[in-house]
Structures are given as C-alpha cells and as structure tokens.
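Below is one structure, written out as structure tokens; comments come after it.
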Ligand code: HEC
C-alpha cells in the first residue's frame, strides 16, 4: 500500500513545485502552541469527523479514508509530523477534484490548526490528554428522561456531530423529542423504529428542532438526518416503556 505522502507527487504531476512550497510552509509551523491544537481538534470534530475516522478525536466517519490508517506507514517510516501536517493542509485546500471531499472547509490559520492536530495524533497510540482531552464536550452518560411528554436532547453546542445524551427514556404515548442547536453546524432530530421514521426541521444558531410521534413500548433510534451525521455518531437509543 502506498503511504499517504507517497501519493502526493503522483496526483500533483506538473504542480509539484507548488506542493513542495506548501509542504515547506507546513514545515515552518513546527511549534504550534497547545491552544492551536485544541482549536484544531474542535474544528476537526466540527467538519471532518463526519467523513473520517481518527481515534484520538473519537471520530468514526467512514466516507473518507481512516486517517489513522492513512498515516500509519508514514509514522513507521519516521516521516516527521510537520511533513504530515503539510500534506494535510494541502489536502484541505486541494482535495481530489473527482472526490467527495469539499475543498476549503477551512483556510488560513484554521486549516493549519486542523492540520497540526491531525498530524499530532494520527496513527499515534493512546488518547488525548490535558487540554486536548477536554477540548470537546463529552456526551452525558445519563439518559435524557421525558418530562410531560417531551424529551430534551440538545446538540453539542461546539458543533461536534453529537447529541449531548446518547440514550433517552419515555413512557408510551405521544412523545416529543426536542433538540436545541446552539452551534452553527446544521442539525435536525429524527426518530426511527417500529416502522416509523419522522424527521424534524434542520436548525442551527440556537434553533430548535422537534419531532412528535405516538410511541408504543419498544426501542427506537433518535438521530440527526443531515448527511453523514448519524454515521459520525450523532444518534442514540430511546427506550419507551
Ligand atoms: C464529505 C466527506 C469529507 C469531509 C467533510 C472531509 N473529507 Fe477528507 N476525504 C474524504 C474522501 C472521500 C477522501 C478520499 C479522497 C477523495 O476521494 O477525495 C478524503 C481524503 C482526505 C485526506 C487524504 C488521506 C489519504 O489517504 O491520503 C486527508 C488528509 C483528509 N481527507 C483530511 C480531511 C480533513 C482535515 C477534513 C476537515 C477539514 C476533511 N478531510 C473533511 C471525504 C471527506
């Protein structure tokens, strides 16, 4: 298998000098303060995690390549993090034109921060620690419980592809799932199971999405129906008794 770095010159063809300049640029950004890595992780989770797996970021997207696997060989070959960073920042700007990865999801400093974070953790064993461990809000282990027919299951306010609860419970009857989304990443709330599939409005920036259904006892799945979000983990289980 080709390493991620080995693929670059082939794709670039005549553009190689530009690529080398970009790689060199990445190489200059050697000393990223932790703040930038923290921001990079938040930005990665917000816009890249839907499509890519990266274990340190708890990202499980499967549309694009697994970024731990993509850089494992480069790490084993001793390729420097700064070179990997240059490649990632290049990819953010110039993804495969025939591919599905949108270009310029981030630019400038934000692109650099994301690249620095991915280069810092891709194919590295272990988990994020310190400021990086708390960079993104964690999902509550407590289930969201229905009150007066409504279950409140809010979206992660920092734009991660997550609800703040991964499980919920309700009593049978008319149940409304209500999701507030403070982030700028669009989300909805939807419910499926028992032959039912209902989807609420897509909202962002403080908007509220609701979905109401008459539920029999059983197990249902609540999820965000925006492309890639459920696959990235934006879903949970609703138990109706
Ligand atoms: C809509 C899905 C999608 C999103 C969002 C996305 N990517 Fe990708 N990415 C892909 C796909 C698919 C590929 C494989 C190449 C292609 O077909 O474009 C890819 C390739 C890559 C590669 C090259 C990996 C290799 O094997 O060489 C890197 C690095 C990468 N993406 C990083 C990112 C980063 C960082 C972000 C966030 C800024 C991001 N991607 C957002 C789908 C996505």
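The values are calculated or read from the model by the stated rules, or taken from the named source; none is laboratory data. Computed from a predicted structure; not experimentally measured. Ideal geometry is used to build each Cβ from the backbone, glycine not excepted, and the neighbour counts take in all protein chains shown.
Put simply, of 93, 127 the only residue that is farther than 30 Å from residue 213 by Cα, surrounded by fewer than 23 Cβ atoms within 10 Å (Cβ to Cβ) and either modelled with pLDDT of 95 or more or within 15 Å of the ligand (Cβ to nearest atom) (or both) is 93.
Within the set 184, 204, the sole residue that is in contact with a strand residue (DSSP E or B) (Cβ under 7 Å, 6 or more places away or on another chain) and assigned by TED's automatic domain parsing to the domain that holds residue 235 turns out to be 204. The lone criterion from (1) touching a strand residue (DSSP E or B) at 6+ places or on another chain (Cβ under 7 Å); (2) over 24 Å from residue 67 (Cβ atoms) left unmet by residue 166 is number (2). Selection of region 211-241 for residues being surrounded by 15 or more Cβ atoms within 10 Å (Cβ to Cβ) and more than 25 Å from residue 58 (Cα to Cα) yields 211, 212, 213, 215, 240. Can residue 99 be described as assigned to a loop (DSSP other than H, G, I, E, B), within 16 Å of the ligand (Cβ to nearest atom) and in contact with a helix residue (DSSP H, G or I) (Cβ under 7 Å, 6 or more places away or on another chain)? Criteria not met by residue 99. Considering only residues that are part of a loop (DSSP other than H, G, I, E, B) and either in contact (Cβ under 8 Å) with a residue 60 or more places away in the chain or within 10 Å of the ligand (Cβ to nearest atom) (or both), which ones fall in region 71-90? Listed by number, the residues that qualify are 77, 79. In this structure, does residue 45 turn out to be under 15 Å from the mean Cα position of the chain (by Cα), surrounded by fewer than 20 Cβ atoms within 10 Å (Cβ to Cβ), within 10 Å of the ligand (Cβ to nearest atom) and within 22 Å of residue 229 (Cβ to Cβ)? Criteria not met by residue 45. Test residue 33 against the stated conditions and say whether it is out of contact with any helix residue (DSSP H, G or I) (no Cβ under 9 Å at 6 or more places or on another chain), surrounded by fewer than 20 Cβ atoms within 10 Å (Cβ to Cβ) and either in the same structural domain as residue 115 (by TED's automatic domain parsing) or at pLDDT 95 or above (or both). Criteria met by residue 33. Within the set 116, 131, the sole residue that is under 30 Å from residue 167 (Cβ atoms) and in contact with a helix residue (DSSP H, G or I) (Cβ under 6 Å, 6 or more places away or on another chain) turns out to be 131. For region 102-124, taking the residues that are more than 9 Å from the ligand (Cβ to nearest atom) and under 13 Å from residue 56 (Cα atoms), the one that is surrounded by the most Cβ atoms within 10 Å (Cβ to Cβ) is identified as 119. Residue 18 meets all of the listed conditions (1) more than 10 Å from the ligand (Cβ to nearest atom); (2) within 22 Å of the chain's Cα centre (by Cα); (3) modelled with pLDDT under 85 but one, namely (2).
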